[in-house]
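Each reported figure results from applying straightforward, stated rules to the coordinates on display, with no laboratory input. From a predicted model like this one, the values you see are computed outputs, not experimental measurements. Methodologically, a virtual Cβ is constructed for each residue, glycine included, from the backbone with ideal geometry; neighbour enumeration extends over all protein chains shown.
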Amino acid sequence: MSTPPFWQTKTLEQMNPEEWESLCDGCGRCCLIKLEDEDTGTIHATDVGCTLFDAGSCRCKDYSNRAAKVPDCVTLTPGQVRALRWLPPTCAYRLVANGEGLKWWHPLVSGTPDTVMEAGVSVKGRVFASEDEVLVENLVDRVKSWPLRWPPKAR
């Protein structure tokens, strides 16, 4: 009999750092700039990446120092995963926190990071620019619905 994978047997709080980090599928959706409507609280995602986001690899250019270099970068904790409204619905942290399993395209399930792109979850090829290249007042023109939705192939 095989042992179930850690994400099926542990809570987010029980995971060790290696397990926690491996939950990230590398889609890059959380690294896109979000805007919050001050009147309604509605979150809008853009197709503009954080200043440290490498759109080619869908990874942070300086992951270990990101919080120091980008003051509003969020270092996820189990509590934040449950509270943040802007995490994409495809986020493995969110799925595990909600008692759901990882989807077929997650690298821990498929064995390859390529399936994240095959499922349409990755932002690769969909990032317009870095936030350093877009004026703040023009971010509203870059609002997109897809970063906060399930891609059809990912279900």
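Within 10 Å of each candidate Cβ there may be at most 14 other Cβ atoms; applying that plus a DSSP loop requirement, which chymotrypsin sites (Phe, Trp or Tyr not before Pro) in the range 66-139 survive?
Taking the range 66-139 and a limit of 14 other Cβ atoms within 10 Å, the loop chymotrypsin sites (Phe, Trp or Tyr not before Pro) found are 104.
Name the chymotrypsin sites (Phe, Trp or Tyr not before Pro) in the range 1-69 that are in a loop by DSSP and that have at most 15 other C-beta atoms within 10 Å, would you?
Filter output for the range 1-69: empty list.
Taking 7 Å along the Cα-to-C-beta vector as the label spot, tell me the residue 80-residue 37 distance in nanometres, rounded to one decimal.
Each label point lies 7 Å from its Cα, and together they span 2.6 nm.
Restrict the search to the range 61-155; then list the GluC sites (Glu not before Pro) that DSSP places in a loop and that have at most 12 other Cβ atoms within 10 Å of their Cβ.
Working: sites: 100, 118, 131, 133, 137; in loops: 100.
Loop-located and lightly packed - 100.
Taking just the C-alpha trace of the range 71-155, give me its Rg and Dmax in Å.
Rg and Dmax of the range 71-155, Cα atoms, are 14.6, 41 Å.
Project the alpha carbons of the chain onto their principal axes and report the range along each, largest first, in whole Å.
Sorted largest first, the three principal extents are 57, 32, 30 Å.
For residue 153 and residue 54 in one chain, what is 0.36 nm times their gap in residues minus the Cα-Cα distance, to one decimal in nm?
Extra length from residue 153 to residue 54 when fully extended: 33.2 nm.
Using 0.36 nm times the number of residues separating residue 16 and residue 136, minus their current alpha carbon distance, what extension gain do you get?
39.4 nm
Nearest 5 percent is fine: what portion of the DSSP beta bridges confined to the chain is antiparallel?
In the chain, approximately 80 percent of DSSP beta bridges are antiparallel ones.
Of the candidates 37, 47, 114, which one comes out as most mobile in a Gaussian network treatment of the chain with C-alpha springs shorter than 10 Å?
37
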